[in-house]
Amino acid sequence: LVITVLSLGLGLGLRREKHQIKPVFLSRCEKFSGNNCQKIWDAFQQAYVNQDPCKVPVEAYDPLIAAAPFKSECNRMLFWSKTKDVVHDFTEKKDCFITLEDTLLGSVLDGLTWCGKEGSSDTFTTGCPGWTDCENNPVRSFWNRASAAFAEAACGAVTVMLNGSIATPFHPASIFASVEVKRFKAPIVTNLTVVLVTEKHNVARCTDPSLKDLRKELDKGIQYNCKEVPRSEIEACSSNPNITCGTCW
Ligand code: APR
């Protein structure tokens with residue numbers, strides 16, 4: 001009985017541990033040297049703790065962004081919309097581009113869910129509102145705020161991978177369209193290259209009407225170009241050590 005109780009307790013404890021966000025946050029953060037991760041955690045928490053989880057505005061994360069600002073990496077910043085897997089497979093294998101999820105804040109919070117509760121100083125990882133349950137939820141507000149700051153740091157030639165297999169590769173409701181594109185400013189940003197990732201049964205091409213909207217939204221002075229690249233070519237390129245940055249498309 002003692003053993004059963006002990007192992008049950010241990011099991012529950014471990015399971016509870018698994019759902020805790022702080023150890024995950026800190027261990028992911030420590031992989032980036034030269035940061036005060038406890039300070040960054042405190043700035044993160046203050047955004048949503050003790051708040052109604054549907055009333056966390058985007059600005060609540062201003063102190064977090066200030067505590068871990070994005071570096072401007074000219075000519076290396078890669079944006080994406082509905083191409084998460086292919087993009088991160090690429091950036092993992094080749095050290096050419098930086099996405100939001102390769103930065104400290106982006107990598108620390110990628111894939112996590114969190115929220116607070118009024119009258120509590122805890123962080124919860126279950127029972128939190130989903131992305132579309134209410135607009136001002138802690139997770140969605142964070143990604144909107146981080147995406148805005150990441151796009152504001154954009155400089156030089158910027159690349160975006162869009163999905164050529166969906167009806168609207170540049171969708172107005174996406175973070176890329178609604179938050180990021182608006183923040184690219186000439187002459188700091190000089191070029192935008194759309195890499196339109198195509199599959200065998202691709203529906204969209206560089207002539208897609210939504211891409212005309214993208215051109216229209218771009219700050220004047222930013223050069224635009226678009227290239228259709230099969231997904232298989234991107235995958236082959238990321239796995240080929242003999243191909244250097246910039247020659248994949
Ligand atoms: N439900 C849950 N998560 C969502 C939803 C949703 N309805 N919509 C977006 N997300 C989250 C998911 O984490 C998803 O992987 O946003 C991510 C990106 O969504 P996409 O629609 O694929 O693309 P987009 O909205 O354009 O955001 C990607 O924003 O994160 C930044 O710099 C990054 O350029 C990139 C862009």
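Its Cα gyration tensor gives the range 208-249 an equivalent ellipsoid. The semi-axes, each the square root of 5 times an eigenvalue, are 28, 13, 6 Å from largest down.
Number of Lys-Lys pairs in the range 45-198 with C-alpha atoms under 23 Å apart and a separation of 8 or more places or on different chains: 12.
Using a/c under 1.5 as the rounded threshold, could you call the chain rounded, prolate or oblate? The axes a ≥ b ≥ c are square roots of the C-alpha gyration tensor eigenvalues, and prolate needs a/b larger than b/c, oblate otherwise. Prolate shape, in that a/c is at least 1.5 and a/b is the bigger ratio. Net charge around K55, counting only other residues with Cβ within less than 14 Å of its Cβ (Lys, Arg = +1; Asp, Glu = -1)? Overall, the nearby charge balance is -3. In the context of the full set of protein chains, the range 15-100 has a per residue accessible area of 56 Å² (1.4 Å probe). Among G221, G106, G116, the residue with the largest mean-square fluctuation in a Gaussian network model of the chain, with springs joining Cα atoms closer than 10 Å, is G221. Go through L100, T193, G221 and say which Cα lies farthest out towards the positive end of the charge dipole of the range 90-236; charges sit on Cβ, +1 for Lys and Arg, -1 for Asp and Glu. Among L100, T193, G221, the one farthest towards the positive end of the dipole of the range 90-236 is G221.
If R₀ is 41 angstrom, what is the calculated FRET efficiency for the pair V203 and H19, using the beta carbon separation as r and rounding to 0.05?
According to the calculation, E is roughly 0.55.
Between the Cα long axis of helix 138-152 and the first principal axis of the chain there is an angle of about 40°, rounded to the nearest 10. When the Cα gyration tensor is reduced to axis lengths a ≥ b ≥ c, the ratio a/c is 1.5 or higher for the range 79-151, and with a/b above b/c it is classed as prolate. Ordering A177, S232, N202 by Cα displacement along the dipole of the range 170-235 toward the positive end leaves A177 in first place; charges were set at the Cβ atoms of Lys, Arg (+1) and Asp, Glu (-1).
Local charge for K94 was computed over the other residues whose Cβ lies under 14 Å away, with Lys and Arg +1 and Asp and Glu -1, and equals -4. Using a simple spin-label model with pseudo-atoms 7 Å out from Cα toward Cβ, W131 and E92 lie 1.9 nm apart. Looking at the square roots a ≥ b ≥ c of the eigenvalues of the Cα gyration tensor of the range 126-249, which shape do they give, rounded for a/c under 1.5, prolate if a/b is larger than b/c, or oblate? Judged from the Cα gyration tensor, the range 126-249 comes out prolate (a/c at least 1.5, a/b above b/c). Apolar share of the accessible surface for the chain: 53 percent from carbon plus sulfur atoms, 1.4 Å probe.
Between K212 and N240, full extension at 0.36 nm per residue minus the direct alpha carbon distance yields a gain of 6.8 nm. Taken about its Cα centre, the chain carries a charge dipole of roughly 200 debye when the Cβ of each Lys and Arg holds +1 and the Cβ of each Asp and Glu holds -1.
Simple spin-label estimate for T190 and S72 gives 1.3 nm between the two label positions (7 Å along the Cα-to-Cβ direction from each Cα). Here the simple spin-label model places points 7 Å from the Cα toward Cβ, and for F32 and I166 these points are separated by 2.6 nm. Per residue, the chain reaches -11000 deg cm²/dmol at 222 nm when only DSSP H runs of four or more residues are counted, each adding -39500 (n - 2.57).
The values are calculated or read from the model by the stated rules, or taken from the named source; none is laboratory data. All of these numbers come straight from a predicted model, not from anything done at the bench. A quick note on method: Cβ atoms are made from the backbone with ideal geometry, for glycine too, and the neighbour counts reach across all protein chains shown. Only protein heavy atoms, including side chains, enter the accessible area calculation; ligands, DNA and RNA are left aside. Shrake-Rupley method; radii C 1.70, N 1.55, O 1.52, S 1.80 Å.
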